Amino acid sequence: MVLGAGPSQVPGIVKAVAGGHRVVSVDPFPHSPGHAFAHASVRCDTRDVAAVLEAASALQVDGLCTFRSDVATVTVHRVRERLGLPGGYPDAAEIMSRKDLFRQFQQASFLPCPGFVHGVDPVALSRRAWTLGRVVFCKPVDNCGSRGITRIENLSDAGLDAAIAHARALSRTAAVCLEERIPGIEVGGDALLADGALAFAAITRKCVDSLVVRGHRLPADLDEADTSRVEAALASACAMLGYRDGPLNFDVMVSDDAVTIIEMSPRNGGNGLTDLIRHACGVDVEQLLIDLALGRRPATLRPAAGNGFGVVVLGAPRAGRVARFPTLREWQQLCPNVVEVFYARRPGEHTEALVHNGNAIGHVVFRCADAEEFDRTRGELARVDLLGP
């Protein structure tokens with residue numbers, strides 16, 4: 001059973017079907033594209049634990065998972081635990097799914113974390129924000145894809161109140177977390193845990209503009225010591241959470257003084273990260289996720305050595321109708337290093353400007369030797385306007 005049948009879940013559903021499994025997709029929208037590739041579908045909210053549990057029990061599923069999205073991670077783990085399916089860690093999933101709970105976990109576990117305050121009262125939040133320093137990030141505690149996040153550089157103006165109101169509006173619980181800025185190099189990536197150990201980790205250099213993830217690059221140009229520090233920080237946090245088996249998407253700040261986990265989630269990454277890792281490392285994270293969901297334990301994986309790769313998120317600079325869907329060959333005519341393209345929208349579909357990653361149109365994966373070539377290729381791809389008149 002796959003929770004979610006949107007465009008981001010389609011590749012995982014297709015792989016599960018190709019692997020000979022009978023696949024049931026679950027999504028509240030009857031026309032979600034993933035349903036067309038599954039053998040059967042269930043129409044319900046993927047956050048509705050009781051409804052998913054009832055369907056999974058009736059269908060006697062052998063495994064349950066989700067791909068590239070945070071929305072259903074808690075449901076996945078609660079239903080797994082109730083049905084005795086592999087990989088059920090509901091308490092860990094709950095903590096990782098909420099920014100306030102994760103910060104409290106880090107603080108209680110004496111792990112590096114940014115200074116933070118959280119709550120639902122706007123007045124109290126505004127008052128306590130002054131304890132966090134000059135630059136503050138305001139986030140809804142239970143949303144993802146950069147939705148509702150604001151960077152505030154002047155706490156003395158009305159921007160703080162507006163940011164809190166914006167974050168509350170995009171939180172299902174109207175709860176907000178304010179955090180201080182952490183210095184360092186931002187890296188991200190995907191990892192896989194098996195039997196309590198990191199079986200695989202791909203650490204990327206993140207490309208972020210205005211709080212929106214615009215892409216990733218592999219390798220991340222971290223030295224061996226910093227790479228080991230990141231892996232140790234992830235393994236330690238997972239051990240303290242009791243999360244022993246499954247995928248892990250992460251966002252980390254690396255400085256000389258500390259490795260600080262900004263976020264981590266028990267799923268594989270979106271924004272083309274899975275496709276980037278497959279090309280750069282020779283590891284299919286989604287296939288491994290399927291295997292783990294069915295109780296199959298992978299051996300420790302050694303990424304293949306090779307040239308660097310990057311991925312760029314496609315988005316619109318303004319709201320409009322998506323009209324152009326260049327083929328892989330057409331992208332290669334613009335940039336010969338392009339190796340894969342993925343679209344999350346349909347012809348004629350309306351899209352908003354790329355102010356958060358939920359508005360992404362798709363992504364393009366390409367070869368790049370270094371940061372300079374990544375930036376140059378990104379600039380070339382950005383010139384393509386995918387919107388119609």
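The values are calculated or read from the model by the stated rules, or taken from the named source; none is laboratory data. These numbers come from a predicted model, not from an experiment. Glycine also receives a Cβ, built like all others from the backbone with ideal geometry; neighbour counts cover every protein chain displayed. Surface accessibility is based on the protein's heavy atoms, side chains included, excluding ligands, DNA and RNA. Shrake-Rupley method; radii C 1.70, N 1.55, O 1.52, S 1.80 Å.
Being over 21 Å from P7 (Cα atoms), open to solvent by less than 30 Å² (accessible area, probe 1.4 Å), of a type outside the set (S, T, N, Q) and in a loop (DSSP other than H, G, I, E, B), is that true of even one residue in the range 324-335?
yes
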| task | Scan the range 344-354 and give yes if some residue there is surrounded by fewer than 17 Cβ atoms within 10 Å (Cβ to Cβ) and in contact with an Asp or Glu (Cβ under 9 Å, 6 or more places away or on another chain), otherwise no. | result | no
| said: When you check R134 against the structure, is it modelled with pLDDT under 90, open to solvent by 10 Å² or more (accessible area, probe 1.4 Å) and basic (K, R), yes or no? | reply: yes
| Quick check: is even one residue across the range 197-210 in contact with a Phe, Trp or Tyr (Cβ under 7 Å, 6 or more places away or on another chain) and touching a residue at least 12 places away in the same chain (Cβ under 8 Å)? | no
| Can you tell me which residues in the range 14-64 are open to solvent by 40 Å² or more (accessible area, probe 1.4 Å), of a type outside the set (G, A, S) and free of Cβ contacts under 8 Å to residues at least 24 places away in the same chain? | V14, V17, R22, P28, P30, H31, H39, R43, D45, E54, Q60
| query | Going through the range 368-383 one residue at a time, which ones are surrounded by fewer than 19 Cβ atoms within 10 Å (Cβ to Cβ) and either at pLDDT below 90 or touching a Phe, Trp or Tyr at 6+ places or on another chain (Cβ under 7 Å) (or both)? | reply | A382, R383
| message | Looking only at residues that are part of a strand (DSSP E or B) and within 16 Å of the chain's Cα centre (by Cα) in the range 343-363, which one is nearest to D275 (Cα to Cα)? | response | H363
| Across the range 268-283, which residue is surrounded by the most Cβ atoms within 10 Å (Cβ to Cβ) among those that are touching a residue at least 60 places away in the same chain (Cβ under 8 Å) and out of contact with any Gly (no Cβ under 9 Å at 6 or more places or on another chain)? | D275
| message | I need the full set of residues from the range 259-280 which are of a type in the set (D, E, K, R) and part of a loop (DSSP other than H, G, I, E, B), in order please. | response | R267
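So is V120 of a type outside the set (S, T, N, Q), farther than 17 Å from E263 by Cβ, in contact with a helix residue (DSSP H, G or I) (Cβ under 9 Å, 6 or more places away or on another chain) and open to solvent by less than 20 Å² (accessible area, probe 1.4 Å) or not?
On the way: of a type outside the set (S, T, N, Q): yes; farther than 17 Å from E263 by Cβ: yes; in contact with a helix residue (DSSP H, G or I) (Cβ under 9 Å, 6 or more places away or on another chain): yes; open to solvent by less than 20 Å² (accessible area, probe 1.4 Å): no.
Against the criterion (of a type outside the set (S, T, N, Q), farther than 17 Å from E263 by Cβ, in contact with a helix residue (DSSP H, G or I) (Cβ under 9 Å, 6 or more places away or on another chain) and open to solvent by less than 20 Å² (accessible area, probe 1.4 Å)), V120 does not qualify.
Which helices (runs of 4 or more DSSP H) sit wholly inside the range 24-126 and have at least 3 residues that are under 24 Å from L234 (Cα atoms)?
73-83, 90-97, 99-108
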